[in-house]
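Structure record follows, encoded as structure tokens.
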Amino acid sequence: MTKYQIDRQIWAQYTIFEQMGNIASEVGRAINAQRSGNTKRFIGAFDRALDLIDATVEILAKEHSPRLREVLLAREEFTRLFFDGTFDSDAEAIERYFMTFAIAARKSANI
């Protein structure tokens, strides 16, 4: 595990779209590193993605948000991707799911 950890106070100031969009960046990095066989980069990106997801989960749990379940399911699918042998068939779908939030965050910032 890397020593990286997000500043939870700053993270809490982001919208859910900004949070999920930033998570999308790390998810994409983890997927690309896995595809290229770069274990060191994969571990770093994987750990950062989980830390960001967990920070979002903490916020949603405190708020009793109905979004909590979806984010927990997304976390489960992201981690499953690398450990159950479905990487080749599911990586694109997982990456696309997270990227929709990055697009939404960018569009809402431009309004």
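The values are calculated or read from the model by the stated rules, or taken from the named source; none is laboratory data. All values reported here derive from a predicted model rather than from experimental measurement. For neighbour counting, all protein chains shown are included, and Cβ atoms are generated from backbone atoms with ideal geometry for every residue, glycine included. Surface accessibility is based on the protein's heavy atoms, side chains included, excluding ligands, DNA and RNA. Shrake-Rupley method; radii C 1.70, N 1.55, O 1.52, S 1.80 Å.
Using beta carbons and a limit of 6 Å, which pairs, at least six apart or on different chains, have the first residue in the range 1-17 and within 24 Å of ILE103 (Cα to Cα) and open to solvent by less than 50 Å² (accessible area, probe 1.4 Å) and the second one assigned to a helix (DSSP H, G or I) and modelled with pLDDT of 95 or more?
Short answer, once both residue conditions are applied: ILE6/ASP51; ILE6/LEU52; ILE6/ALA55; TRP11/ALA55.
Does the range 54-91 hold any residues that are of a type in the set (Ser, Thr, Tyr) and over 13 Å from GLN19 (Cα atoms), and which are they?
Of the residues in the range 54-91, the ones of a type in the set (Ser, Thr, Tyr) are 56, 65, 79, 86, 89.
SER65, THR79, THR86, SER89, listed by residue number.
Can you tell me which residues in the range 72-88 are under 12 Å from ILE31 (Cα atoms) and loosely packed, with under 14 Cβ neighbours inside 10 Å?
Taking the range 72-88 as the starting set, the residues that turn out to be under 12 Å from ILE31 (Cα atoms) are 78-79, 81-82, 87-88.
Result: ASP88, single match.
Which residues, taken from the range 1-40, are assigned to a helix (DSSP H, G or I) and aromatic (Phe, Trp, Tyr)?
First, pick out the residues of the range 1-40 that are assigned to a helix (DSSP H, G or I): 8-11, 16-36, 39-40.
Result: TRP11, PHE17.
Counting only residues that are touching a residue at least 12 places away in the same chain (Cβ under 8 Å) and either under 19 Å from TYR14 (Cα atoms) or in contact with a helix residue (DSSP H, G or I) (Cβ under 7 Å, 6 or more places away or on another chain) (or both), how many does the range 61-96 have?
Just the residues of the range 61-96 that are touching a residue at least 12 places away in the same chain (Cβ under 8 Å), to begin with: 67, 71-72, 74-75, 77-79, 81-82, 87, 90-91, 94-95.
Applying the additional criterion that residues be either under 19 Å from TYR14 (Cα atoms) or in contact with a helix residue (DSSP H, G or I) (Cβ under 7 Å, 6 or more places away or on another chain) (or both) yields 67, 71-72, 74-75, 77-78, 81-82, 87, 90-91, 94-95.
Residues in the range 61-96 being touching a residue at least 12 places away in the same chain (Cβ under 8 Å) and either under 19 Å from TYR14 (Cα atoms) or in contact with a helix residue (DSSP H, G or I) (Cβ under 7 Å, 6 or more places away or on another chain) (or both): 14 in total.
Pairs, please: C-beta under 8 Å, at least 6 apart or cross-chain, first residue in contact (Cβ under 8 Å) with a residue 40 or more places away in the chain and in the range 97-109, second outside any helix (DSSP H, G or I)?
Short answer, once both residue conditions are applied: ALA105/THR15; SER108/THR15.
Give me the pairs: first residue in the range 30-43 and under 16 Å from LEU81 (Cα atoms), second residue among the polar types (S, T, N, Q) and loosely packed, with under 15 Cβ neighbours inside 10 Å, beta-carbon distance under 8 Å, and six or more apart or on different chains, which are they?
Sorted first by the residue in the range 30-43, then by its partner, the pairs are ALA33/THR39; ILE43/THR2.
Condition first: outside any helix (DSSP H, G or I) and of a type outside the set (A, V, I, L, M). Now tell me which residues in the range 92-111 satisfy that.
From the range 92-111, those outside any helix (DSSP H, G or I) are 110-111; that's our starting set.
ASN110, the sole residue that qualifies.
Within the range 51-71, identify whether any single residue is more than 20 Å from ILE103 (Cβ to Cβ), open to solvent by 40 Å² or more (accessible area, probe 1.4 Å) and not in a helix (DSSP H, G or I), and answer yes or no.
Scanning the range 51-71, I find at least one residue that is more than 20 Å from ILE103 (Cβ to Cβ), open to solvent by 40 Å² or more (accessible area, probe 1.4 Å) and not in a helix (DSSP H, G or I), so the answer is yes.
Would you check if SER36 is surrounded by fewer than 17 Cβ atoms within 10 Å (Cβ to Cβ) and farther than 27 Å from SER108 by Cα?
Working: surrounded by fewer than 17 Cβ atoms within 10 Å (Cβ to Cβ): yes; farther than 27 Å from SER108 by Cα: yes.
Considered against the rule, which asks whether it is surrounded by fewer than 17 Cβ atoms within 10 Å (Cβ to Cβ) and farther than 27 Å from SER108 by Cα, SER36 comes out as yes.
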